[in-house]
Each structure stands twice: as structure tokens, then as C-alpha cells.
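One structure is given below, encoded as C-alpha cells.
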Amino acid sequence: MRILVVEDDSGIADPIIESLENLGWFAVHAATGRDALDALAEADFDCIVLDLGLPDMDGGEIVRLARRESNIPIIVASARPDEADRILALELGADDYLVKPFGIRELIARIRAVHRRHSEPSAGPTDHDVFQVGALVVNPRTRQVHVAGEELELTPKEFDVLAYLAAEPGTVFRRDALLSDVWDINWYGSTKTLDAHVASLRRKLGTPAWIESVRGVGFRLVDPQ
């Protein structure tokens, strides 16, 4: 695998890169946001390991810009433990969030997990299905979503959550089923990750009425009209 490690502290970056290379993976180090963007423009990577506290820009901006161009898995590795920072990074399109200090073995396990989720077919809808719920149209083949004819800009994981719900409108999906099927059965994060994505979807859909919460169970997609 080709991994881009975006970290300004060489004391953290060097052992990560050494461990990745010991696995036979190819690792590139970027110490600034600009270096990271240049590396992404010049080569394809299988995963980004990203610090948020970069000297020239916030790592969240890297997530946002990377998501405009590709579906590349992104693991944020940050010293910021606050839930608000986690939710923001995930809403911008990060796939996972790891708080420093962390073990190299755990980081490698998470890299493998996000790569597996991106490379293997999901248990969700088949590519030829197009789901329509009232004014909402979800096309898994093109990964496009329209509401009343207007296309929405969703992060990859937001699309996956919406497509999962849209496959069976009106059906209540349990939180653990959503995390297991949309993320991974070995998902390390809390259910706040799912809440953050649902909140972002409700905002982008124009009204929270599209996705109903069923207390103590999970969520369902309904036509608010």
C-alpha cells in the first residue's frame, strides 16, 4: 500500500513511516499542509494518516480539499481529544479518528480496516438500483443524490448512510447495524460518529424530517411531504 503521512513532528512521523515500510508498504512524509496537497496532486495513495495541527493550515482543510477530488481513506491522528473536533473531521469526510498518543499496531489495524472497507463491496444496495423516495433520488452507481432535481454534495460516508436507509424507506435500522454494515464490523469509534453523519445529512437534505430518529433503536428514511 502507498500511505501519505501528514505530520509536522518528525518524532512521531519517523517511527510511523519506519513501521509502515517494515510491512513492505510505501510511505511518503509531508510535514506541512502544502506538502500534503502537492503529494496528493503528484501521486495516488491508498490512505492518508493526517495530523490536524499543521504549521501552515488546519488538517481539516486537507480533508475537505481531498474529498473534493477523491474517495481516498483518511485517518485523522490528532492530539485533539474533544468530541467537537472528532465530529467536525468526520463531517468533513474523514473515515476514522485516532487520538494521540496511540500505538503503531493500532494505527496499522485501522489503516487495514479503512482500506478493506473501501476496496471490498459493501453489504448495501447493488449498483444497478436507483432509489426514489418522494423528491429524493439516490443513485448508487453514479453516487449522486438529488432532491427536487437539485444535486447534493455529500461526503462518501454520508452517501453510504443515505443509500443504506434509502434501500428500504420506512424501515427502522438499528444503530449497531448501520455502524456494522456502513462502516465495518470492527469499527473502533463511538456511535457519535453515526449521529454526526445523520445530523449533516439532515442539514444537506434541507429538513431533519427526512431522517427520523426512533428512540433507543436507530433511524429510518421517510418522505417528509
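Quick notes on this structure:
- Taking segment 62-92 as the range and being modelled with pLDDT under 85 and open to solvent by less than 20 Å² (accessible area, probe 1.4 Å) as the test, only Leu90 passes.
- Filtered by the rule that a residue be in a loop (DSSP other than H, G, I, E, B) and more than 23 Å from Arg112 (Cα to Cα), segment 51-79 gives Leu54, Pro55, Asp56, Met57.
- The set of residues in segment 26-45 being open to solvent by 30 Å² or more (accessible area, probe 1.4 Å) and part of a strand (DSSP E or B) consists of Phe26, Val28, His29.
- Cβ-Cβ distances below 9 Å connect the following pairs, each with a first residue in segment 162-181 that is modelled with pLDDT under 85, a second residue that is in a loop (DSSP other than H, G, I, E, B) and aromatic (Phe, Trp, Tyr), and a separation of six or more residues or different chains: Leu179/Trp187; Ser180/Trp187.
- Residue check, Glu91 in contact with a Gly (Cβ under 8 Å, 6 or more places away or on another chain), closer than 28 Å to His197 by Cα and acidic (Asp, Glu): no
- The residue pairs whose first member lies in segment 196-221 and is without any contact (Cβ under 8 Å) to a residue 24 or more places away in the chain and under 16 Å from Ala163 (Cα atoms), whose second member is open to solvent by 10 Å² or more (accessible area, probe 1.4 Å) and assigned to a loop (DSSP other than H, G, I, E, B), and whose beta carbons are closer than 7 Å, counting only pairs six or more residues apart or on different chains, are Glu212/Val222.
- Once segment 107-120 is narrowed to residues that are open to solvent by 70 Å² or more (accessible area, probe 1.4 Å) and either assigned to a loop (DSSP other than H, G, I, E, B) or charged (D, E, K, R) (or both), the residue that is nearest to Ile3 (Cα to Cα) is Arg112.
- In segment 182-219, of all residues being modelled with pLDDT under 90 and of a type in the set (Ser, Thr, Tyr), the one that is nearest to the chain's Cα centre (by Cα) corresponds to Thr193.
- The listed residues are Leu23, Leu4, and the only one of them that is buried (at least 16 other Cβ atoms within 10 Å of the Cβ) and not aromatic (Phe, Trp, Tyr) turns out to be Leu4.
- Residues of segment 133-143 classified as open to solvent by less than 10 Å² (accessible area, probe 1.4 Å) and outside any strand (DSSP E or B), total: 0
- For Ile48, the criteria (1) in a loop (DSSP other than H, G, I, E, B); (2) open to solvent by less than 70 Å² (accessible area, probe 1.4 Å) hold in every case but one, which is (1).
The values are calculated or read from the model by the stated rules, or taken from the named source; none is laboratory data. The structure displayed is predicted, hence computed values, not measured ones. Backbone-built Cβ (ideal geometry, glycine too); neighbour counts: all protein chains shown. Heads up: the accessible areas ignore ligands, DNA and RNA and are worked out on the full protein's heavy atoms, side chains in. Shrake-Rupley method; radii C 1.70, N 1.55, O 1.52, S 1.80 Å.
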